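Since the structure comes first, as structure tokens, the remarks are kept for the end.
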Amino acid sequence: AKLSAPNRCWFFNQKIHDELLHQHRLAERLQLALADNELALHYQPQVSAMSGRIENLEALLRWFPKEGGAISPAEFIPVAERSQLIHRIGEWVIREACRQQAEWKRRGLGGARVDINLSGKQLAMANTFKHLEACMAEFDLTPQDIGIELTENVLIEAEEHILNTLRGLYHRGMKIAIDDFGTGYSSLSYLKLFPVTSLKIDRSFVRDAPKDPSDRAIMAAAVFIGHRLGLEVIAEGVENEEQLELVREMKCDLVQGYYFFKPMSAADTTRLLTGLVGG
Ligand code: C2E
Ligand code: CA
Ligand code: CA
Ligand code: CA
């Protein structure tokens, strides 16, 4: 039977209600997660497209609730963003990435830069950069030891004083990457205004490039403009030989993806780095 309009309306509201409740519960659990040490950083290497050498490690947040399972950052980061929790979580990520990098350096394993993801709300907070500077000082790190990743939309929405802070970091040699390049709503002319050093071509283009000429064209154009602007170009989400071939042909500088490495725990990353140093 056809639902009458009021019923459809009720159904719709019920769905919204359930979703809000779910997010509210998630936010409550996330608040406890921080105190209960359920958060961890995993690391995914970025390798040189030509030599395969590990150049950087992207820090990716993980949540392992005590009751088991794992919740994806794609699910809980947006919840954290809506509930102010992102500030505390973001600060935890920054400090933990710095602490880990300092530990690797102390053990002679510090060759690779550690890149931190910053969300829009984090960027808008002046405190984020004060915290970053404080952590780098606490752990005796240089701007070459840590990099940051921001999306295009976040950069466009950034206020002038934030862009100035970024310019300061840029001039001191910090790597600043535009994440998910090609998926935002920026016009290319913005590129020259942003203090950035790297472009990360979004995984969706890389995934479909072998079969889709349009994706190949967009990738090639991104590499071209990136290089003309003196930026380092990174292809993300490389999962197979075919994609790697293309990315190499297009002269991307760095490659990240399951084909080389999946994100792994700090302990596994330490083992990997130790193996490389040991020869
Ligand atoms: P992102 O920054 O674009 O990170 C890349 C995502 O692609 C990661 O998902 C990574 O595990 C995944 N990935 C890497 N290589 C491959 C591949 O070859 N194939 C496929 N299918 N996927 C690949 P993850 O770790 O689930 O993170 C999802 C998103 O959550 C990130 O996207 C980032 O936007 C956000 N995120 C993660 N950690 C943090 C954090 O510490 N702070 C903030 N603000 N956001 C974070
Ligand atoms: Ca990223
Ligand atoms: Ca990305
Ligand atoms: Ca992404």
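The values are calculated or read from the model by the stated rules, or taken from the named source; none is laboratory data. Keep in mind that this is a model prediction, so the values were computed, not measured. Reconstructed Cβ throughout: ideal geometry from the backbone, glycine too, with neighbour counts over all protein chains shown. Areas reflect the complete protein model, heavy atoms only, side chains present, ligands, DNA and RNA absent. Shrake-Rupley method; radii C 1.70, N 1.55, O 1.52, S 1.80 Å.
Residue-wise test of (1) basic (K, R); (2) more than 16 Å from A33 (Cα to Cα); (3) open to solvent by less than 20 Å² (accessible area, probe 1.4 Å).
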position: R53; (1), (2), (3): yes, yes, no
position: E58; (1), (2), (3): no, yes, yes
position: L61; (1), (2), (3): no, no, yes
position: F64; (1), (2), (3): no, no, no
position: I71; (1), (2), (3): no, no, no
position: E75; (1), (2), (3): no, no, no
position: V79; (1), (2), (3): no, no, yes
position: S83; (1), (2), (3): no, no, no
position: G90; (1), (2), (3): no, no, yes
L32 being open to solvent by 90 Å² or more (accessible area, probe 1.4 Å) and either more than 30 Å from S198 (Cβ to Cβ) or not in a helix (DSSP H, G or I) (or both) = yes
Of (1) farther than 17 Å from D115 by Cβ; (2) part of a loop (DSSP other than H, G, I, E, B), L276 satisfies every one except (2)
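Conditions (1) β-branched (V, I, T); (2) over 18 Å from I77 (Cβ atoms); (3) within 16 Å of ligand 3 (Cβ to nearest atom), marked per residue:
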site	(1), (2), (3)
S119	no, no, yes
A137	no, yes, no
P143	no, yes, no
E152	no, no, yes
I156	yes, yes, no
H161	no, yes, no
Y170	no, yes, no
T183	yes, no, yes
Taking only pairs six or more apart or across chains, which ones have beta-carbon atoms under 8 Å, a first residue in region 127-151 that is touching a residue at least 24 places away in the same chain (Cβ under 8 Å) and closer than 25 Å to L191 by Cα, and a second residue that is open to solvent by 20 Å² or more (accessible area, probe 1.4 Å) and small (G, A, S)?
-> P143/G173; Q144/G173; D145/G110; T151/G120; T151/G184
Would you mind finding the one in D268, D253 that is free of Cβ contacts under 8 Å to residues at least 24 places away in the same chain, within 23 Å of Q101 (Cβ to Cβ), of a type outside the set (A, V, I, L, M, F, W, C) and open to solvent by 20 Å² or more (accessible area, probe 1.4 Å)?
-> D268
Test: residue in region 212-225 that is in a loop (DSSP other than H, G, I, E, B) and touching a residue at least 12 places away in the same chain (Cβ under 8 Å) | no
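Listed here are the residues, each with its yes/no results for (1) at pLDDT below 95; (2) crowded, with 19+ Cβ neighbours inside 10 Å; (3) within 15 Å of ligand 1 (Cβ to nearest atom).
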{"position": "D115", "(1), (2), (3)": "no, yes, yes"}
{"position": "L123", "(1), (2), (3)": "yes, yes, yes"}
{"position": "M136", "(1), (2), (3)": "no, yes, no"}
{"position": "F139", "(1), (2), (3)": "no, yes, no"}
{"position": "T151", "(1), (2), (3)": "yes, yes, yes"}
{"position": "E159", "(1), (2), (3)": "yes, no, no"}
{"position": "Y185", "(1), (2), (3)": "yes, no, no"}
{"position": "K192", "(1), (2), (3)": "yes, no, no"}
{"position": "S198", "(1), (2), (3)": "no, yes, yes"}
